[in-house]
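Scroll down for the structure; my scribbles are underneath it.
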Amino acid sequence: MNLLELFLVLATIAGVTDGNVIRVKDNIWQTIAVKRQLNNSVIQLKIQTFRGKLVYEEIPPVMSLRAYQGDEFFLITDPNSSSRLVLRPSQKVTRTKLQLFHNQQVEIKAVYIAGNRPSIQGRIACPLDINQQCIERGNGYEILSVVRLK
């Protein structure tokens, strides 16, 4: 199942109406904009392209914020800055495949996925924010393709 088919299935399940838009322009890897109505908010997903150094950092087997969030793949787009993008494996680009690109200059195509909070609080161990809510986890760029640069 490709990304567009997945969006169409999700749109059908979410009850997309005529007021919402599912639009594909040009090449599917260049521009996909999907809007769907979900809990009275509009969510737009767009494929973006980034270049930089892909870094894999193994998560230590201890309870920590990083282990909770599952952040192990990053893209450094500017070597002079300490900021980096959090990358997430996908069905198209698996965790094992991403590990092969460690410390390599790559170009990725990805969709930003917002994090979520566990819905069953009190039943799982999670770091808490100032409002005593579980911290969000799972946010980052879900990778659709990765190519090593020369």
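The values are calculated or read from the model by the stated rules, or taken from the named source; none is laboratory data. From a predicted model like this one, the values you see are computed outputs, not experimental measurements. With ideal geometry, Cβ positions are generated from the backbone for all residues, glycine too; neighbour counts draw on all protein chains shown.
Just a few scattered comments:
- Condition check for LYS150: in contact with a Leu (Cβ under 6 Å, 6 or more places away or on another chain) and more than 22 Å from SER64 (Cβ to Cβ): no
- Residue list for region 70-90, restricted to those being surrounded by 18 or more Cβ atoms within 10 Å (Cβ to Cβ) and hydroxyl-bearing (Ser, Thr, Tyr): SER90
- Residues satisfying the stated conditions in region 51-69, i.e. surrounded by fewer than 16 Cβ atoms within 10 Å (Cβ to Cβ) and in contact (Cβ under 8 Å) with a residue 60 or more places away in the chain: ARG51, MET63, LEU65
- Whenever a residue of region 134-150 is within 15 Å of TYR112 (Cβ to Cβ), its partners that are crowded, with 19+ Cβ neighbours inside 10 Å and modelled with pLDDT under 85, lying with C-beta atoms within less than 7 angstrom and at least six residues away or across chains, give the pairs LEU144/LEU3.
- Of residues in region 73-131 being assigned to a loop (DSSP other than H, G, I, E, B) and aliphatic (A, V, I, L, M), the one modelled with the lowest pLDDT: ILE120
- Residue count for region 94-146 under the criterion of being over 17 Å from PHE73 (Cβ atoms), of a type in the set (Lys, Arg) and loosely packed, with under 13 Cβ neighbours inside 10 Å: the result is 1.
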